[in-house]
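As C-alpha cells, the structure follows; a few thoughts come after it.
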Amino acid sequence: MPDLTGLTQREAETKLKALGWNGNLNVEEQQVTNPQQKDKVLTQNPAKGQQITKGSTVTITVAKFGIITS
C-alpha cells in the first residue's frame, strides 16, 4: 500500500489504479481549520506498507475546510 497522505482524493485513486488496484474506495470527511489541508488525504486504511489485494476496500479520510453538512 503506497502512502496516500497529502494527496487529493483523485490523486490517491489514480495512484492506486496505476498499481493495478480495482477495489472500492471508501471516503470519509474530517473538518479541518487549516485551509492548506483542504481536500487532502489525512489518513488511510490500510496503512502505508501493508499488503492489499486488487479488489480490496481502501478507506481514506479527506480534509474538508469549513462546515461539513450531512
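Table for the structure above
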{"read-out": "Residues (over 8 Å from the mean Cα position of the chain (by Cα) and of a type in the set (Ser, Thr, Tyr)) located in the range 24-61", "value": "33, 53, 56, 57"}
{"read-out": "Checking residue 64 against (1) of a type in the set (Lys, Arg); (2) surrounded by fewer than 13 Cβ atoms within 10 Å (Cβ to Cβ); (3) not in a loop (DSSP other than H, G, I, E, B), the condition it does not meet", "value": "(2)"}
{"read-out": "Subset of the range 1-25 that is of a type in the set (S, T, N, Q) and over 17 Å from residue 65 (Cβ atoms) - its residue that is most open to solvent (accessible area, probe 1.4 Å)", "value": "22"}
{"read-out": "Members of the range 26-49 found to be part of a loop (DSSP other than H, G, I, E, B), open to solvent by less than 90 Å² (accessible area, probe 1.4 Å) and modelled with pLDDT of 95 or more, listed by number", "value": "39, 46, 47, 49"}
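The values are calculated or read from the model by the stated rules, or taken from the named source; none is laboratory data. All values reported here derive from a predicted model rather than from experimental measurement. Reconstructed Cβ throughout: ideal geometry from the backbone, glycine too, with neighbour counts over all protein chains shown. To get the accessible areas, we keep the full protein, side chains included, count just its heavy atoms, and leave off ligands, DNA and RNA. Shrake-Rupley method; radii C 1.70, N 1.55, O 1.52, S 1.80 Å.
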